[in-house]
Amino acid sequence: DSAWLMSWTFNRQPHFKAQPEGQLVGWIYGLYPERPGDFVGKPMEECTGAEICMEWLYHLGVPETEIEALARESASTVPCMMPYITAFFMPRQAGDRPEVVPEGCVNFAFLGQFTETPRDTVFTVEYSVRTAMEAVYTLLDVERGVPEVFGSVYDVRCLLNATHYLLDGRKLTDMKLPLPYKLALHAGLEKVQGTTLEELLTTYELI
Ligand SMILES: Cc1cc2nc3c(=O)[nH]c(=O)nc-3n(C[C@H](O)[C@H](O)[C@H](O)COP(=O)(O)OP(=O)(O)OC[C@H]3O[C@@H](n4cnc5c(N)ncnc54)[C@H](O)[C@@H]3O)c2cc1C
């Protein structure tokens, strides 16, 4: 519902080794920082950390009378502008970005998010590390394989595992679905009985 398209993540805590107990470290993102916020009324890019925190607390449903004090006294919010980060996601086609080791090169390579490596996904540390491995192994003739790209798109085992976690460990049949979908799901589950698919669904605790 947020005009800034806010999202937030509090990964496993403590985030830092020296983090005092009882404190949380999190990220709050806004993808449309130029739009006025729903609570603070200002564009995110003009806000102080406390104001960004206020907008976030508002969207969490914190009573409005408590928002300002909580944001100013119970949180420390450090704004960070990353205007170029979406450059990773610009549409591209073969040839737009250099190969890690362009054909014929023997003493230089390209590393990082703006080089081309097959199948991997940008905006990840893995992508940069993979390009570095490719560069070093190729140029120095190191006989080591670059680890396989994580099969998050086409490997049905990865997809089923992700589904298991997205459902917080609940079974497929526990999903709240409109009746036609529910019927289709049950029909589908009957159809896969005794097949490898049923084994996989069992392995990933989806049935
Ligand atoms: C908000 C955000 C969240 C992210 N979340 C995740 C995540 O959850 N998981 C994940 O895997 N990835 C995530 N990423 C992506 C990941 O952080 C990057 O893809 C990765 O850090 C890129 O590593 P790199 O070494 O190629 O480049 P960088 O880490 O960008 O390093 C490049 C370095 O070069 C330096 N530099 C630039 N120009 C020069 C120059 N002329 N001379 C000398 N030095 C220079 C820069 O200062 C910088 O230190 C996230 C990125 C962002 C911005």
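Computed from the coordinates by the stated procedures, all read-outs in this text should not be read as laboratory data. Every value quoted in this text rests on a predicted model; they were computed, and no experiment measured them. So basically every Cβ, Gly included, is an ideal-geometry build from the backbone, and we count neighbours across all protein chains shown.
Values computed for the structure shown
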item: Estimated inter-spin distance, residue 199 and residue 18, nm [label 7 Å along Cα→Cβ]; result: 5.2 nm
item: Whole-angstrom Cα spans of the range 89-139 along principal axes, big to small; result: 29, 22, 14
item: Cross-link reach list, lysines versus residue 171, counting only Cα pairs under 18 Å and skipping chain neighbours closer than eight places; result: 182, 191
item: Which of 166, 180, 194, positive extreme of dipole for the range 156-203 (C-beta unit charges); result: 180
item: Cβ-placed point charges (K, R +1; D, E -1), dipole of the chain about Cα centre in debye, nearest 20; result: 380 debye
item: Percent RCO, i.e. relative contact order, over the range 59-207, from Cα pairs under 8 Å lying at least 6 residues apart; result: 14 percent
item: Point-charge dipole on Cβ atoms (K/R +1, D/E -1) for the range 1-114, about Cα centre, debye to 20; result: 440 debye
item: Viscosity 0.692 mPa s, 37 °C: Kirkwood-radius Stokes-Einstein D of the range 156-203 over Cα pairs, µm²/s; result: 286 µm²/s
item: Mean ellipticity per residue at 222 nm, deg cm²/dmol - from DSSP H runs of n ≥ 4 across the chain, formula -39500 (n - 2.57); result: -10000 deg cm²/dmol
item: Protection proxy ranking of 126-139, 178-191, 8-21 - average other beta-carbon atoms within 10 Å, highest first; result: 126-139, 178-191, 8-21
